[in-house]
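Novice: Following this message is one structure expressed as structure tokens.
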Amino acid sequence: MRILILGGTTEASALATLLSGRSDFSPLLSMAGRTSDPRPLPIPTRIGGFGGVDGLAGFMVREQIEAVIDATHPFAAVMSRNAAEACAQARVPLLALRRPPWTAQKGDRWIDVVSMAEAVRALGEEPRRVFLTVGRLELPPFAAAPQHTYLVRTIEPIGEALPVPNVIAIQDRAPFDEAAERALMEREGVDVVVTKNSGGAATYPKIAAARALGLSVIIVARPEKPRDVDEAVSAEAAVEWLERRHGRTP
Ligand code: NAP
């Protein structure tokens, strides 16, 4: 069974690993190409956009794709919408691999917002030391609040994405560790964290560290994703879905 995995997440990589070496599945992993040095994976990989819904539908026909797993990040809303439309058009079964969002625990001091612009406003007028972990492409709105000092952590260098006087840029990628997150926030005198509600274990340690230090977390809610698709919450559950589908393939 020829499978297209839409990736760029820990779950997509986990699924790729589970499917590698199986003779009943022929998976292909697709990534957008935002990371210049992606971690190597044990299945064939392609990189770059498809060219919208029609491009993806055409790709699926050419590659004889029999099932698609949308394992994109919770904030990759365009790709998920395109996948739902293209799969409906081409009558190819689609499973969305969606990790649950984080929910506030006792002791968390969360400020819920629905956009980056609202996150910027929630920082307030007074200069603060902000740990900004929203991804390189989400930095520009924070230039509207140049009074703050930003500790910015991204996978790729930030270049000119945040033109404000006080930026401390660090490059690192998940998974992170709670003790190290706590030490980083203490060392840099962070007093507020800004994050997307990405969910998952790999980046959760910053949330736990902020709780332990009594820091506020401005947390950006997820965008809408297509509702009328099958869903799974783990790579293992996605394999079970594929096995059930494969059993039905003539
Ligand atoms: P997006 O806004 O939903 O997608 C923008 C365009 O990028 C899509 O229309 C598509 O181009 C291309 N694209 C996205 N995912 C792709 C994939 N897996 N394979 C091939 N093309 C893809 O996505 P985004 O938020 O920019 O995220 C880009 C990638 O980074 C995704 O793969 C996502 O899983 C990963 N990621 C995103 C975040 C985040 O916070 N947004 C965080 C971690 C990882 P075409 O229309 O030309 O096909």
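The values are calculated or read from the model by the stated rules, or taken from the named source; none is laboratory data. No experiment lies behind these values; they were computed from the predicted model shown. Using ideal geometry, Cβ is built from the backbone for each residue, glycine included, and neighbour counts are taken over all protein chains shown.
Novice: Can you name every residue in segment 2-35 that is touching a residue at least 24 places away in the same chain (Cβ under 8 Å) and at positive phi?
Specialist: G8
Novice: Another question, if that's okay. Filtering segment 41-66 down to residues that are more than 11 Å from the ligand (Cβ to nearest atom) and among the hydrophobic types (A, V, I, L, M, F, W, C), which residue is surrounded by the fewest Cβ atoms within 10 Å (Cβ to Cβ)?
Specialist: V61
Novice: For segment 36-45, indicate whether the set of residues that are touching a residue at least 40 places away in the same chain (Cβ under 8 Å), touching a helix residue (DSSP H, G or I) at 6+ places or on another chain (Cβ under 6 Å) and not in a helix (DSSP H, G or I) is non-empty.
Specialist: No, the conditions are met nowhere in segment 36-45.
Novice: When only residues in segment 82-105 that are part of a loop (DSSP other than H, G, I, E, B) and touching a strand residue (DSSP E or B) at 6+ places or on another chain (Cβ under 7 Å) count, which is surrounded by the fewest Cβ atoms within 10 Å (Cβ to Cβ)?
Specialist: Filtering first and then ranking leaves A104.
Residue-by-condition table, conditions (1) away from the ligand (no atom under 14 Å from the Cβ); (2) assigned by TED's automatic domain parsing to the domain that holds V68; (3) of a type in the set (A, V, I, L, M, F, W, C):
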residue	(1), (2), (3)
A14	no, yes, yes
S20	yes, yes, no
S26	yes, yes, no
L29	no, yes, yes
G33	no, yes, no
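Novice: For segment 123-137, how many residues meet the condition of being part of a helix (DSSP H, G or I) and in contact with an Asp or Glu (Cβ under 9 Å, 6 or more places away or on another chain)?
Specialist: Here the count works out to 1.
Novice: Another question, then. Could you tell me which of the residues A145, A122 is surrounded by 13 or more Cβ atoms within 10 Å (Cβ to Cβ) and out of contact with any Gly (no Cβ under 9 Å at 6 or more places or on another chain)?
Specialist: A122
Novice: Which of the residues spanning segment 15-37 are crowded, with 18+ Cβ neighbours inside 10 Å and either among the aromatic types (F, W, Y) or at pLDDT below 95 (or both)?
Specialist: Result: F25, single match.
Novice: If you take the residues in segment 90-114 that are among the basic types (K, R) and more than 20 Å from G214 (Cβ to Cβ), which one is farthest from the chain's Cα centre (by Cα)?
Specialist: So, considering only residues that are among the basic types (K, R) and more than 20 Å from G214 (Cβ to Cβ), the one farthest from the chain's Cα centre (by Cα) is R91.
Novice: Of a type outside the set (S, T, Y), outside the structural domain of R187 (by TED's automatic domain parsing) and away from the ligand (no atom under 11 Å from the Cβ): which single residue out of V92, V113, V78, V130 fits that description?
Specialist: Going through V92, V113, V78, V130 in turn, just one is of a type outside the set (S, T, Y), outside the structural domain of R187 (by TED's automatic domain parsing) and away from the ligand (no atom under 11 Å from the Cβ): V92.
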